[in-house]
Ligand SMILES: Nc1ncnc2c1ncn2[C@@H]1O[C@H](COP(=O)(O)OP(=O)(O)OP(=O)(O)O)[C@@H](O)[C@H]1O
């Protein structure tokens, strides 16, 4: 996933970037959905955000992606404060995301869905579209309408669309949901490869086996706070995580 020359990333911007959350707070009425969270998603690493339902994972994720504005705290992308930047500006700086609820354009072809991601950057979108389709083995379905595809394929289309913008930081909300065993295996290989090439990956994930296999670093949240953070094996064995996650 090289090809910075194809992007509109501002000149002098390094090809890799760290995503940092500092003291993020987000309230809904009387609830502190996120109650002061620090987090780093580093280049070349897969970072997982885990925790029980209602822990605040999605809210934090949305604060990082730009769809929710935090009440306090800062979001830094490659050292730049993006806290007040809208989603499309963060995308331009190299941030991409996928959604828990699959969001594809059903009337567009598989390829045109992926092209939407490729066109987030200037330059030849054809090449980026073709590469992203190939990464997920979607070439044979390129001309088919997305609307008729099974959930597993749609999940891959969404991932390919995020990848087609050649992001520096990729946020993934339960990326393997709806995938079969073979698709999940392929996904894990692709995601590992992206991290090994220098991308920073942050995923919200409920499946402990997937986290154990893929993540380098884990942040465990409960009640809006990080209750444990560090290397995957240590966090997954932490009694607070076992208790809060109900494992
Ligand atoms: N738009 C909203 N309006 C009101 N309350 C919200 C809103 N979004 C989230 N909350 C509340 O904030 C808290 C954290 O929710 P959030 O969805 O971030 O948790 P989560 O860890 O992502 O849960 P899940 O794993 O079920 O997706 C919950 O108490 C939830 O009800």
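The values are calculated or read from the model by the stated rules, or taken from the named source; none is laboratory data. Keep in mind that what you see is a predicted model, and the values were worked out from it rather than measured. Don't worry about glycine lacking a Cβ; one is built from the backbone with ideal geometry, like all the others, and counts go over all protein chains shown.
Key figures for this structure:
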item	result
Matching option when the condition is touching a strand residue (DSSP E or B) at 6+ places or on another chain (Cβ under 6 Å), surrounded by fewer than 24 Cβ atoms within 10 Å (Cβ to Cβ) and more than 24 Å from residue 65 (Cα to Cα), among 195, 182, 143	143
Top-ranked residue of the stretch 89-111 - restricted to ones that are surrounded by fewer than 17 Cβ atoms within 10 Å (Cβ to Cβ) and modelled with pLDDT of 90 or more, ranked as nearest to the chain's Cα centre (by Cα)	89
Residues located in the stretch 33-70, provided they are part of a helix (DSSP H, G or I), out of contact with any helix residue (DSSP H, G or I) (no Cβ under 7 Å at 6 or more places or on another chain) and more than 11 Å from the ligand (Cβ to nearest atom)	64
Among the residues listed as 124, 140, 134, 111, the single one being free of Cβ contacts under 8 Å to residues at least 60 places away in the same chain, in contact with a helix residue (DSSP H, G or I) (Cβ under 7 Å, 6 or more places away or on another chain) and more than 16 Å from the ligand (Cβ to nearest atom)	111
Elements of type helices (runs of 4 or more DSSP H) contained in the stretch 206-247, each with 2 or more residues being modelled with pLDDT under 90 and buried (at least 18 other Cβ atoms within 10 Å of the Cβ)	239-245
Of all residues making up the stretch 201-223, the number that are more than 16 Å from the ligand (Cβ to nearest atom) and touching a residue at least 24 places away in the same chain (Cβ under 8 Å)	7
Residue check, residue 84 farther than 18 Å from residue 217 by Cα and either within 16 Å of the ligand (Cβ to nearest atom) or in a loop (DSSP other than H, G, I, E, B) (or both)	yes
In the stretch 121-138, the residues that are exposed (fewer than 13 other Cβ atoms within 10 Å of the Cβ) and either part of a helix (DSSP H, G or I) or at pLDDT 95 or above (or both)	126, 134
Meets criteria (under 27 Å from residue 238 (Cα atoms), in contact with a helix residue (DSSP H, G or I) (Cβ under 7 Å, 6 or more places away or on another chain) and either modelled with pLDDT under 95 or in a helix (DSSP H, G or I) (or both)) for residue 156	no
Single residue of 229, 233 found to be in contact with a strand residue (DSSP E or B) (Cβ under 6 Å, 6 or more places away or on another chain) and farther than 29 Å from residue 134 by Cβ	229
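Results for (1) within 13 Å of the chain's Cα centre (by Cα); (2) within 17 Å of residue 17 (Cβ to Cβ), shown as yes or no for each residue.
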site	(1), (2)
147	no, no
159	yes, no
164	no, no
185	no, no
198	no, yes
